[in-house]
Every structure is written in C-alpha cells, then in structure tokens.
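What follows is a set of notes on a single structure, which appears directly below.
The values are calculated or read from the model by the stated rules, or taken from the named source; none is laboratory data. What you see is a predicted model, and the numbers here were worked out from it, not measured in a lab. When we count neighbours, we look across all protein chains shown, and the Cβ atoms used for this are built from the backbone with ideal geometry, even at glycine. When the accessible area is computed, the model is the full protein with side chains, heavy atoms only, and any ligands, DNA or RNA have been set aside. Shrake-Rupley method; radii C 1.70, N 1.55, O 1.52, S 1.80 Å.
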Amino acid sequence: MNPIVMNPIVMTSARLLDGALRCALIATVFFCASALLPFLAAETGAEAWLRYAAIDLPTAKAYERFPGAVVLGDSLVLKTAQQELVRGIDQIAGSTMRGGTGWPRENAVVLGTLRELHALAPALLPPQELRADGYWLKSANIHGHECLVITASTDRGVLYGVFALLSKIARGQRVPFIDEVQQPYAPIRWVNEWDNLDGRIERGYGGPSIFFAQGEVRGDLTRAGQYARLLASVGINGCTINNVNAAPGILEDSFVAQVSRIADVFRPWGVQLSLSVDLSSPKVMGGLDTFDPLDPRVREWWRKKVDEIYRNIPDFGGLVVKADSEGRLGPSAYGRTPADAANVIARALKPHRGVVFYRAFVYNHHLDWHNLKNDRAKAAYDNFHPLDGAFDDNVIIQIKNGPIDFQVREPASPLFAGLRRTSEAIELQITQEYTGQQRQLCFLVPMWKEVLDFDMRVDGRPASVKDLVAGRIFHRLTGGLVGVANVGMDANWLGSPLAMANLYGFGRLAWDPSLSAAKIVDEWTRLSFGSDPLLIKAITAMQLGSWHVYESYTGPLGAGTLTNILGNHYDPGPESSEENGWGQWHRADRQGIGMDRTRATGTGFIDQYPPEVQALYESPARCPDNLLLFFHHVAYTHLLHSGKTVIQHVYDSHYDGADRARDLVSQWMKLAGHVDDERYRDILSRLQYQAGEAVVWRDTICNWIYRLSGIGDRQGRVAPH
Ligand code: GCW
C-alpha cells in the first residue's frame with residue numbers, strides 16, 4: 001500500500017477521508033498528499049471553518065470539469081482569490097486546477113471584476129447592480145468554454161465569491177449550474193480586538209495577542225495573516241487591532257511603522273486595519289499641554305498624526321474612540337461634547353476616506369446607588385441623542401446591543417432608534433465575557449438575532465435594529481456591525497472549538513442578518529466537523545439550545561447575568577451588583593426583585609424608546625417574561641405569563657438549566673468515534689466542567705434568593721415549602 005495511506009496519523013482521520021477509496025485516490029496524487037498536512041492540523045481547530053476536508057468522490061469529480069482557474073487582472077486581492085480557489089479545490093475535491101491569467105483557453109473558473117469581465121464577455125451582465133463587496137456566481141459559456149464566473153464590482157467582492165463557492169463545495173453541494181447574487185447587508189462588518197501592547201487581551205480567553213508581545217508588534221505575524229483569511233472568508237472587512245482602553249503609545253510614529261506590518265498581512269485579504277486611540281494622546285504623548293478637541297493645536301496634531309498613519313498604511317480604515325467611560329479621559333474634561341471629540345478626528349481622517357467609530361458606551365460608574373431614579377441604562381441615549389446631527393458624516397456611533405453591557409439578556413438599546421442624522425453600528429460581543437468565557441457553551445447568534453430583528457417601530461412604521469444600523473431607515477451612507485472577537489494565540493483561536501461558531505456566526509450575520517441561526521450553525525458544523533448526519537444533528541441542537549441553557553442557570557427574567565461584576569464576570573455573585581456605583585443593579589430585596597425603569601414610577605428609561613415599544617415594556621402585563629426584571633420591580637409572588645410566580649420560575653429555571661447542562665455531556669458522548677479524538681476530548685472536558693459549574697450557579701442563586709425572599713421552592717429542592 002502507498003506509504004501515505006499507511007501513515008498512522010492519516011488513518012486516525014478516516015472520518016474525514018470518507019473511507020479507504022478516498023484515501024487511495026488522494027494518495028496517488030502527490031500534490032494532494034501534501035494537502036493532507038493542513039487538513040490534519042485542522043483537528044487542532046487552527047483552520048476553523050476553512051478545513052477544506054475532502055468530500056466524497058462523486059461530488060468531487062464534478063469539479064474536474066473546471067481544469068482552469070483564470071484571473072482577469074493582477075491585483076493583490078485577485079491573486080489571493082485565485083490562490084485560495086486553487087488551494088481549496090485541491091484540498092476539498094482533490095483536483096489540481098491550472099492557474100492562469102487573461103482569457104480562458106479551457107473550461108475554467110473565471111475570476112475578475114465586472115469591468116474586466118465586460119471586456120471578455122460584454123453580454124454577461126448581472127441580474128442586479130452589485131454593490132461594493134457583493135458578488136455574482138454565474139455559470140456561462142464564454143467563447144466556447146464552459147465557465148463558472150465569479151465577479152463583483154470590487155476585487156474584494158471576487159475574493160468573497162471564491163470563499164462562498166468553496167463553502168458550498170466543502171459542504172458537499174454540487175454546483176452544476178449557478179446564478180447567484182449575494183450582497184452585504186451593510187458596509188461596516190468589522191471586528192475589534194481588545195489586545196494590549198504587552199500581549200495580554202482584555203476579556204480574551206484564547207491565549208495572548210496575535211499582534212503584540214512585550215510592547216512591540218510581534219516579529220512573526222503568520223497568525224495575523226491567517227486571522228485575516230478567516231475574517232475575509234465570512235465577509236468581514238475591517239479589524240481594530242488594539243484595546244479600546246487604548247495605550248497612547250500606539251500612536252508613536254515608531255509604533256505606527258511597526259503596525260504597518262500587520263496591515264501588510266491583512267491587505268491580501270481585503271481586511272482594513274484600524275486602531276483604537278486615547279483621546280488625551282495630544283497631551284499625554286504628543287507634547288501639547290491640552291487635548292481640548294476645539295483647540296486649533298489639537299486639531300493640527302490629529303491632522304498630522306493621521307497623515308503620518310496614512311503614509312505608513314495607505315488603506316488604513318479609521319480610528320475607534322472610547323472616551324469619558326470607565327476612567328478614560330474624554331471631551332468632558334474641557335466641557336466639550338462627544339461630537340466635538342469625534343469631529344476633530346473625523347476631519348483629520350476625511351481626506352483619506354477614513355472613519356471614526358465613537359463608542360456610545362459612555363456612562364458614570366460612580367452612580368449613587370441609593371437614588372432609585374439613577375439608571376446606567378439611560379446613559380448612552382442621554383449622552384448621544386441630543387447630539388444627533390452634530391456628528392460629521394464619517395463618524396459612526398458604535399452602540400452595544402443592549403443598554404447595560406453584554407449581559408445574557410438585555411433589550412435592544414433605545415439609541416438605535418434615537419439617531420436619525422448620525423451613522424451607527426451595533427457592537428456585539430463574540431468573546432464570552434459575561435456568557436461563560438468560552439469555558440461554557442453559549443452560541444450567541446440566536447441572541448444577536450433577537451436584537452437585530454427587534455422592531456423599534458419608528459414613527460409607527462417597522463424599523464428593525466438591523467435596518468437601523470445598516471442605515472436603511474434613515475438613509476445613512478454607512479453603518480453596520482462590529483464584533484468584539486478577542487481571538488488569541490491558542491491554536492483554535494478562541495480557546496474552545498465550539499465557541500468558533502460565534503465568530504463564524506457574527507460574520508455571516510454581518511453579511512446577511514436574515515440568515516437563521518439554524519442555517520448558520522448547520523453551515524458552521526459541516527465546515528468544521530464534516531457531514532456525518534449524527535454529528536450535524538447533535539452539534540446543531542447543542543449549539544442552538546445553549547444560550548437558553550446558560551441563561552436559565554445564570555440570569556433569570558432579564559435581571560442580568562447575576563455574576564461577580566466586581567471581579568471576574570464569570571462566577572455567580574448576585575450580591576456584587578448592589579450597593580456600588582457601577583449600575584448593574586437588580587434591586588433584589590426582601591419583597592421583590594428587578595429595576596423599575598417605567599415612566600410611571602421608575603427611572604424613566606422606557607421613555608427613551610419610540611411609543612409603541614414603550615407601550616410594550618411599560619406594563620408588566622405586556623412586558624415579555626424574559627425581560628420582566630429588566631423593566632420592573634415586582635414581588636417574588638408576582639405571576640408571570642407562564643402562570644408561575646417569579647420565585648418559582650427562578651428555582652425551576654435554575655434546576656432545569658443545570659439538568660440541561662448535564663444533558664449536553666450525554667449528547668456529546670454519543671459522538672464518540674464521530675469526531676477526532678483531540679476535539680472530542682477537549683469538548684467533553686469543557687462540557688463536564690460546565691455541568692459542574694451549572695450546579696454551582698444553581699445552588700448559589702437559589703440559596704441567595706431563598707435567603708432574601710424567605711419563600712421556599714414548591715418542589716422542596718431549595719428549602720422547605
Ligand atoms: O464590559 C466592559 C468590560 C471592559 C471593557 C468595557 C468596554 C474594554 O468589562 O473590560 O473594556 O466593557 O466595552 O469598554
């Protein structure tokens with residue numbers, strides 16, 4: 001037998017090779033044998049959803065129809081697209097395509113922008129206008145050759161089309177005839193990384209930074225380039241590489257020169273680099289005695305600094321600002337507004353077509369807890385709504401999905417409907433700061449979809465959050481979605497193999513928020529684990545149920561994740577929310593629980609929503625159970641729509657959640673032998689650990705609420721009834 005087939009490492013991966021026949025076939029072609037190496041390495045999770053595992057022979061054979069991979073044009077991104085196509089088809093279908101340039105001389109996949117395609121085949125016109133980054137996959141006969149055309153109005157769109165085609169093929173779809181246009185929902189599809197220059201990552205759970213170590217840009221940026229490839233494969237077009245709690249040193253000229261090396265490895269993948277900046281930079285590192293945004297010297301400082309950045313990085317994307325928040329300095333130091341601060345930077349960026357993301361996460365963390373009218377949830381709207389229209393058109397207000405801070409359940413931020421003349425982006429958190437820190441399973445796409453689909457009913461008309469952030473309601477030029485990813489040096493990027501579904505899902509939703517969570521997780525599972533039906537069924541069910549499982553043993557009825565908010569944001573710690581200025585209050589006392597945010601008797605937060613949404617939340621009778629304690633302070637004996645009392649719901653949901661967490665272990669164990677050992681064991685140990693943690697959570701919360709309320713569990717699990 002061929003020595004490659006005898007290789008014991010290859011044999012352990014038989015699951016992916018679809019039997020000995022496939023092995024033998026692959027082994028006969030040396031080129032394909034070399035392709036096995038990255039495919040084996042994929043079992044560490046390093047290749048994520050780009051494993052390009054071999055598909056079954058009959059499906060693979062279909063791709064022999066296209067011996068050529070022809071590129072029209074020679075830009076860096078187009079060349080990357082061609083290389084990716086050749087690499088992908090080699091690995092997935094086992095056939096080696098001939099790369100070429102210019103017009104096809106054989107049956108081929110043809111890559112090029114519309115302009116280039118027009119010269120080749122003037123009659124070939126897309127069925128609709130292709131917006132930036134949108135692409136068209138089209139089977140066509142060109143000058144007598146059977147072709148599969150991948151075209152777009154930009155090079156980057158062509159690259160996205162290649163990834164889309166490869167995804168279809170890797171999922172075993174046959175593409176005999178295709179005519180498909182895909183357009184991105186919004187222009188902004190970015191990730192943020194909260195990486196510090198010393199290499200640590202704030203709220204990162206997948207190892208140290210892939211960009212920085214010991215105060216410098218890493219010498220070896222291989223991982224940064226691989227990350228850009230992953231991002232591009234799901235249509236993400238920008239990445240902010242450093243923490244929003246920004247070190248001023250990032251803007252030193254010598255550091256910008258180092259950062260340009262990261263931009264170099266992003267560039268082939270069409271990912272624009274951006275930086276977070278400290279607003280006090282003109283003073284703390286720039287030699288001025290002020291950072292007042294209205295001071296002409298400060299204006300000039302930003303102009304020169306931004307020019308310098310573009311000299312180093314001509315395709316630089318823009319700057320992200322966190323100011324007047326959690327101890328960061330900001331325009332309030334000079335009595336100036338966020339608009340003053342955003343605009344001074346925006347004007348420096350404007351000639352270069354760069355944008356400013358100004359974060360709406362501006363709040364006072366020294367709020368007086370005794371004052372029942374105080375409410376951190378009101379801060380973003382209070383600070384930004386009055387400034388609507390005052391921001392330059394290259395400013396984007398970056399708004400967290402909920403009004404507090406990435407809790408396991410929050411309503412959509414009212415600010416999404418509160419900016420009519422300002423561009424906005426939603427900030428979602430891929431890294432699971434408050435949702436189990438990658439040690440527990442929590443697939444967040446269903447949660448994000450609830451927010452994106454939420455209808456704000458602006459002016460009495462439908463206005464979903466996804467339409468608002470995409471600029472479709474108020475006709476903004478830009479806007480979109482930003483995800484805080486925080487990948488690290490761990491081979492599998494996020495620390496946990498199953499957590500990668502969140503990064504994939506973020507990209508897919510940013511491209512098309514109408515995709516269902518089920519479709520997204522099905523795609524991700526097939527690409528990451530293969531097409532074994534047992535495996536698909538189990539993993540998709542586990543992922544889809546996991547947010548509710550996590551919610552049910554951590555944060556009931558919208559009270560927030562009842563975690564240790566002063567410490568690790570991970571362990572149960574319901575008491576840490578109260579009696580401090582941070583404002584993540586649930587106001588649990590002996591009589592009841594929940595924040596009264598009503599107009600009638602509470603903080604008035606509900607006033608920030610359009611009238612129809614106010615009506616939904618203002619009355620406990622209409623307010624959905626799962627947000628009841630976010631909006632209302634109610635007695636423990638308050639009856640929910642479900643017919644249960646609040647207290648009994650808390651007990652039941654915590655017991656049910658812990659049971660379901662334990663069930664995840666048995667669901668996973670059914671997959672023994674269906675998943676490679678490495679990932680099987682890693683995931684199993686995480687789920688077993690989670691089952692234990694769920695019991696700790698259940699007991700801590702149930703005992704705490706019993707001690708407070710004095711009301712026992714009807715089923716006698718917590719205290720005698
Ligand atoms: O949730 C909080 C986090 C901080 C983070 C902050 C923010 C980067 O606990 O670690 O700081 O949000 O979003 O700015």
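Label separation (Lys304 vs Arg98): 5.8 nm, computed from points 7 Å beyond Cα along the C-beta direction.
Between helix 517-529 and the chain there is an angle of about 50 degrees, using the helix long axis and the longest principal axis of the Cα atoms. Accessible surface computed residue by residue for region 544-655, with neighbouring protein chains in place and a 1.4 Å probe, gives 33 Å² per residue. With both labels modelled 7 Å from their Cα along Cα-to-Cβ, the Lys670 to Asp315 distance reads 4.6 nm.
Express in nm, to one decimal, how much length is gained between Arg707 and Arg65 on full extension, taking 0.36 nm for each residue of separation and deducting their alpha carbon distance. Write out the running numbers ahead of the final one.
Working: separation 642, 0.36 × 642 = 231.12 nm, distance 7.08 nm.
Value of the extension gain: 224.0 nm.
Region 482-546 and region 249-313 have Cα centres spaced 34 Å apart. A 1.4 Å probe run over the protein chains yields, for region 184-321, 32 Å² of accessible area per residue, whole-number rounding. Kindly list the residues of region 426-445 that lie in the label zone of Leu515, defined by a backbone N under 16 Å from the point 7 Å along the Cα-to-C-beta vector. Those under the cut-off are 430, 443-445.
Show me the ranking of peptides 337-347, 251-261, 377-387 by mean Cβ neighbours inside 10 Å, starting with the highest.
Listed from highest to lowest mean packing, they are 337-347, 377-387, 251-261.
Taking the inverse of the mean 1/r over every pair of distinct Cα atoms in region 233-278 gives a Kirkwood hydrodynamic radius of 11.2 Å.
Estimated from the Cβ-Cβ distance and a Förster radius of 56 angstrom, the FRET efficiency linking Leu76 and Arg461 is about 0.80. Averaging 1/r over each pair of different alpha-carbon atoms in region 232-309 and inverting the result gives 13.6 Å, the Kirkwood hydrodynamic radius. Amide H to amide H, with H built 1.01 Å from N, Gln429 comes under 5 Å of Val484, counting only residues 5 or more places away or on other chains.
Relative to the longest principal axis of the Cα atoms of the chain, the long axis of helix 533-554 makes an angle of roughly 20 degrees.
Below 16 Å, Cα to Cα, which aspartates and glutamates can Lys138 reach? Residues fewer than 8 away in the same chain don't count. Of all the aspartates and glutamates, those that pass the test against Lys138 - Cα under 16 Å, at least 8 places apart if same chain - are Glu116, Glu129, Glu146, Asp179, Glu180. The gain in end-to-end length when the Ala541 to His641 segment is fully stretched comes to 33.3 nm, 0.36 nm per residue minus the alpha carbon separation. The Rg/Rh ratio for region 321-468, using Cα coordinates for both the radius of gyration and the Kirkwood hydrodynamic radius, is 0.98. Excluding same-chain neighbours fewer than eight residues apart, the lysines reachable from Lys378 by a Cα-Cα span under 20 Å are Lys322, Lys400. What residues of region 251-290 lie in the reach of a label at Ala333, counting those whose backbone N is under 12 Å from a point 7 Å from the Cα along Cα→Cβ? Within reach of a label on Ala333: 278-290. Taking Rh as the Kirkwood radius computed over C-alpha pairs, what is the Stokes-Einstein D of region 544-586 at 37 °C in a medium of viscosity 0.692 mPa s, expressed in µm² per second? Calculated translational D: 305 µm²/s. Gyration tensor over the Cα atoms of the chain: the corresponding equivalent ellipsoid has semi-axes (square roots of 5 times the eigenvalues, largest first) of 43, 34, 23 Å.
The Glu678 and Ala257 beta-carbon pair, evaluated with R₀ = 51 Å, returns a calculated FRET efficiency of approximately 0.80. Across the chain, the relative contact order, built from alpha-carbon pairs under 8 Å that are at least six residues apart, equals 11 percent.
At the listed q of 0.21, 0.25, 0.26, 0.27 Å⁻¹, the Debye profile of region 393-459, built from one uniform point per Cα, gives log10 I(q)/I(0) equal to -0.89, -1.14, -1.20, -1.25.
I need the fraction of alpha carbon pairs in region 612-654 separated by more than 17 Å, rounded to a whole percent. Within region 612-654, distances greater than 17 Å cover 25 percent of Cα pairs. Ranked by the mean number of other Cβ atoms within 10 Å of their residues, highest first, the peptides 621-629, 495-503, 710-718, 399-407 fall in the order 495-503, 399-407, 621-629, 710-718. Measure nothing fancy, just the Cα-based angle from helix 500-511's long axis to the longest principal axis of the chain, in degrees from 0 to 90, nearest 10. So the inclination is approximately 80 degrees.
The rule of thumb for compact globular proteins, 2.2 N^0.38 Å, goes into the C-alpha radius of gyration of region 372-427 1.14 times.
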